[in-house]
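Following: one structure in structure tokens, then a few remarks.
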Amino acid sequence: MEAINEVHVSEPGLVVVDVAAADDETAFAFHTALAAHWATTSVERTTRDPGQPGVRLRCYLDLRQPLDEPGQRPAPH
């Protein structure tokens, strides 16, 4: 995966999440669970590292913006 850009962790509450999973379905299910609670970047694909098992996915989270408050909807992905 690429190096983490400083802007993505420039303030408390900003998080870079790197996921390793057995398959795309599992990685996207995990992302959906995160997106149900916090402002999260959308993801469209996973990556595969040659010689490594499974798939990888990176997303960016903002813990300062919970989405589980009444009247808020999860971010689309």
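Return yes when ARG56 is in contact with a strand residue (DSSP E or B) (Cβ under 6 Å, 6 or more places away or on another chain) and modelled with pLDDT of 90 or more and no when it is not. Let's see the steps before the verdict.
Details: in contact with a strand residue (DSSP E or B) (Cβ under 6 Å, 6 or more places away or on another chain): yes; modelled with pLDDT of 90 or more: yes.
The answer is yes for ARG56.
Here is a check on your reading of the model: is GLU44 out of contact with any strand residue (DSSP E or B) (no Cβ under 7 Å at 6 or more places or on another chain), surrounded by fewer than 12 Cβ atoms within 10 Å (Cβ to Cβ) and either on the phi > 0 side of the Ramachandran plot or at pLDDT 90 or above (or both)?
Yes; evaluated as a whole, the condition is true for this residue.
Residue-wise test of (1) charged (D, E, K, R); (2) surrounded by fewer than 16 Cβ atoms within 10 Å (Cβ to Cβ); (3) farther than 18 Å from GLU2 by Cβ; (4) more than 10 Å from the chain's Cα centre (by Cα).
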| position | (1), (2), (3), (4) |
| --- | --- |
| ASP18 | yes, yes, no, no |
| ALA33 | no, yes, yes, no |
| ALA36 | no, yes, yes, yes |
| PRO53 | no, yes, yes, yes |
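For region 1-31, how many residues are at pLDDT 95 or above, assigned to a helix (DSSP H, G or I) and either touching a strand residue (DSSP E or B) at 6+ places or on another chain (Cβ under 8 Å) or polar (S, T, N, Q) (or both)?
Qualifying residue count for the region: 6.
The values are calculated or read from the model by the stated rules, or taken from the named source; none is laboratory data. Remember, predicted model here, so these are calculated numbers, not experimental data. Positions of Cβ are generated from backbone atoms using ideal geometry, with glycine treated the same way; all protein chains shown enter the neighbour counts.
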